[in-house]
Amino acid sequence: MRLDQVTVGTIDLDSAERFYSLLGLRLIVRDKHYLRFECPTGDSTFSIEHVDAVPANEQVTIYFETDQLDADCKRLQQAGVIFDQPPADMPWLWREARLRDPDGHKLCLFHAGPNRRNPPWRLERNS
């Protein structure tokens, strides 16, 4: 099994399209109710559907990994994106920054390298 895509709701498809394109995702599907993007590396996709309201209590955080975290964050800040937390080294051996999309969805841009899947505390697989 592999994760194919994540879908979030938006009240404004145009704003969502601009924001996620600015992040570096490539738009591959657009109609009047739906957007679908490819991530620049890997084979996962991210989609957005038009909704009447985005739940205020949504507890999902969407993680996007980048090898150029600091440069990407600087580029986004220069384009007017506001960060809740600038890039910082975390105790779980990742460097990450936190922000929100135009609909308030929580995002984490990070770089973990091999620690993303293989941190020193990873549980051993049972055969």
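Structural remarks
- Protection proxy ranking of 53-63, 17-27, 37-47, by the mean of other Cβ atoms within 10 Å over each peptide's residues and highest first, is 17-27, 37-47, 53-63.
- Relative intensity, log₁₀ I(q)/I(0), of segment 1-66 from a Debye sum that treats every alpha carbon as a point, q = 0.11, 0.14, 0.21 Å⁻¹: -0.25, -0.41, -0.91
- Applying the criteria of a DSSP loop state and at most 16 other Cβ atoms within 10 Å to the trypsin sites (Lys or Arg not before Pro) of segment 28-116 yields LYS32.
- Test item: Cα-centred dipole of the chain, Lys/Arg +1 and Asp/Glu -1 on Cβ, debye: 360 debye
- Using θ = phi - 60° and Karplus 6.51 cos²θ - 1.76 cosθ + 1.60, couplings along segment 57-73 (whole Hz; Gly, Pro as x): 9, 4, 10, 9, 10, 9, 10, 10, 8, 9, 7, 10, 3, 5, 5, 5, 5
- Residues of segment 87-112 with amide N under 13 Å of a point placed 7 Å along Cα→Cβ from ILE62: 99-109
- Maximal additional length on extending the ASN115-TRP92 stretch stands at 7.4 nm, based on 0.36 nm per residue less the C-alpha distance.
- Rg [Å, one decimal], Dmax [Å, integer] - the chain, C-alpha atoms: 15.6, 49
- Pairwise label distance in nanometres, PHE83 with ASP70, each label 7 Å out on the Cα-Cβ vector: 1.1 nm
- Note that segment 78-86 has calculated 3J(HN,Hα) couplings of 5, 8, x, 6, 9, 9, 6, 9, x Hz, one per residue in order, obtained from phi through the Karplus relation 6.51 cos²θ - 1.76 cosθ + 1.60 (θ = phi - 60°); glycine and proline are x.
- Bridges between two residues of the chain, per DSSP, are antiparallel at a rate of about 65%.
Read the figures in this text as sums done on the coordinates, not as results from a lab. Just so it is clear, the structure is predicted and the values come from calculations on it, not from any experiment. FYI the Cβ positions are ideal-geometry reconstructions off the backbone, even for glycines, and counts take in every protein chain you see.
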